[in-house]
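The values are calculated or read from the model by the stated rules, or taken from the named source; none is laboratory data. Computed from a prediction, not measured in an experiment: that's the story for all the values here. Neighbour counts are summed over all protein chains in view; Cβ atoms, including those assigned to glycine, are modelled from backbone coordinates with ideal geometry. These area figures cover heavy atoms from the full protein model, side chains too; ligands, DNA and RNA do not enter into them. Shrake-Rupley method; radii C 1.70, N 1.55, O 1.52, S 1.80 Å.
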Amino acid sequence: MKKSLLFVSALFLAGAASAQEHYAGINTSKRVGILNTAINPAEFVNLSNDYEINLITFSANVANNKISFKDIVDGKDFDNLIFEGNEPTNLRVDVEILGPSFAMKMNKWAFGITSAAKIKADMVEVNPALGRAVTNSGVDDIIELYDINSQYNQRGSATTWGEIGFSVARELYNSENHRLSGGVTFKLLFPGSYANIALNQFEGTIENVAGDVSLTNASAMVNIAYSGSLAEDFTDSSNFSQFFAGGLNGFGTDIGINYQWKDVEKGGYKLNTGLAVRNIGSMKFKDDNNVSNNYNLEITGAESLNLNQFEDVSDLKEIEQILIESGYVTIDDSKRDFKVKLPTVFSAYADVKLYNKWFVTAYTQQKVNEDSDNEQIAIQNILTVTPRYSTNFFEAYVPLSHNEISGFTAGVGLRIGGFFIGSGSILSAALSETDQADAYLGFRFGF
């Protein structure tokens, strides 16, 4: 399993070079485009142009609570650092590619069609002593033994999927000073691949004797689920590129409302604010190699499970086979096809005109479901404040965020015409320690 962590480390470095909170700052721009509608479909009514085309945009976000960007740059050992200390390990890898998309507005109505490909890989509340023992990256830290009593569900998971969205929005009220709009996006979901391994209510003793690491006096409820390419090898980066492989097998919905207090004298608005609930829905994985098995793990008396044998494992099938052959797990229930829930969030924002071309935006997203659920795609809670200078052609902004996993981050972004590039963490990475790396870029145009 050590190889899997090396791959996640590579994703961390890729995120540092290329992307983060997706499109932090530009997604609440005064220049309203398809990115704005991704956080609230009601924004279609506010498009800056009658017609809007997105060619391609890319965003990646890697956040954790153990490793700083400086640690990676300095070449420190990822495998040791990610399971350092006693605090449970949390890591979120989030990549989004917004493909060719089109939007238009006509009178009081607006319409859009969008395409996207997404990758999410997570560690949720993983006990660091168990992580060190299973990867064997930190066996020297296990001097004698650790007694672990984790009254929660710790899991590692990865999901890839594609989306095609159809949106409609309408102006609900319009006066000289005020405008109210509503919108909805219906998403067709195409599950690609999935992997999940989880230990719920894990108790046990981990002992190191001359480098031989074993688990004794243990119990847990174990979930192992996989579908598509991630069942075969979770260290091969190509297995994370299967976005539409599973065909149409799910639906999602975004619903939003938007209010504007108009700036009658100078045009535009004094205040633009919105509320939305996004990613309502789920998708069903139905690949030929599908499996979702729940096991009871029980190791008692003088029995022990050799944890060294997991060190070089690179697929969930092999992990499952090792556990079955050990004789310490018994099947509780099994199913072939299973549903995975989208990361539903409630989001709210307000963009306030301060003076002339100076604005400040506050944005928050709060998850609705718990990340510990075995069939739940995880997501971060985020609060971002973004001061910006914005004209029709040029925009510069500084997103300042507090993220649930990585804490405080500061970034910078720039828009010139239809091209934009930015990061939600590059300033904090340059000036201090930060546990997040991200960037984004893209090009769109309107007419």
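What FRET efficiency do you get for Ile113 and Ser314 if R0 is 41 Å and r is their Cβ-Cβ distance, rounded to the nearest 0.05? Write out the running numbers ahead of the final one.
Working: r = 39 Å, r/R0 = 0.94.
Working from the Cβ atoms, E equals 0.60.
Among Gly165, Gly418, Val277, flag the residue with its Cα farthest along the positive direction of the charge dipole of the chain, charges on Cβ as +1 for Lys/Arg and -1 for Asp/Glu.
Gly418
Given the peptides 376-382, 362-368, 268-274, arrange them by the average over their residues of other C-beta atoms within 10 Å, most packed first.
Ranking the peptides 376-382, 362-368, 268-274 by packing returns 376-382, 268-274, 362-368.
Of the peptides 182-192, 95-105, how do they stack up when ordered by the mean number of other Cβ atoms within 10 Å, highest first?
Highest to lowest by the protection proxy: 182-192, 95-105.
When we measure straight from the Cα of Lys262, which lysines land under 30 angstrom away, once same-chain ones fewer than 8 places off are left out?
Once the sequence-local lysines are set aside, what remains near Lys262 is Lys30, Lys105, Lys108, Lys270, Lys353, Lys357.
Just order 288-299, 407-418, 119-130, 24-35 by mean Cβ neighbour count inside 10 Å, highest at the front, would you?
Ranked by mean Cβ neighbours within 10 Å, highest first: 24-35, 119-130, 407-418, 288-299.
Each label point is 7 Å from the Cα along the Cα-to-Cβ direction; what then is the distance between the points at Asn217 and Leu248, in nm?
5.7 nm
On average, how much area does the Cα convex hull of the stretch 107-229 cover when viewed from any direction, in nm²?
Average of the hull's projected areas for the stretch 107-229 equals 12.6 nm².
Taking the Cβ-Cβ separation of Gln366 and Phe443 as r and a Förster radius of 45 Å, what is the calculated FRET efficiency to the nearest 0.05?
Working from the Cβ atoms, E equals 0.90.
What does the extension gain come out to for Asp288 and Ala396, with contour length at 0.36 nm per residue minus their alpha carbon separation?
Working: separation 108, 0.36 × 108 = 38.88 nm, distance 4.87 nm.
Full extension of this stretch gives 34.0 nm more.
Let me have the 222 nm mean residue ellipticity of the chain computed from DSSP H runs of 4+ only, each contributing -39500 (n - 2.57), with the sum over all residues rounded to the nearest 500.
Rounded to the nearest 500, it is -3500 deg cm²/dmol.
Working only with C-alpha atoms, what are the Rg and Dmax values of the stretch 158-316, expressed in angstrom?
25.0, 82
Roughly how many Å² is the accessible area per residue of the chain, as a whole number, for a 1.4 Å probe?
Numbers: 18030 Å² over 447 residues.
For the chain, the solvent-accessible area averages 40 Å² per residue.
With an 8 Å Cα cut-off and a minimum separation of 6 or more residues, compute the relative contact order for the chain in percent.
19 percent
State the answer as a single residue: which of Asn200, Ile405, Asn381 lies farthest towards the positive end of the charge dipole of the chain, with beta carbon charges of +1 for Lys and Arg and -1 for Asp and Glu, about the Cα centre.
Working it through, the farthest residue towards the positive pole turns out to be Asn381.
Which percent of the accessible heavy-atom area of the chain goes to carbon and sulfur, probe 1.4 angstrom?
Whole-percent figure for carbon plus sulfur exposure: 57.
Quick one: if you stick a label point 7 Å off each Cα along the C-beta vector at Ile331 and Asp373, how many nm between them?
2.6 nm
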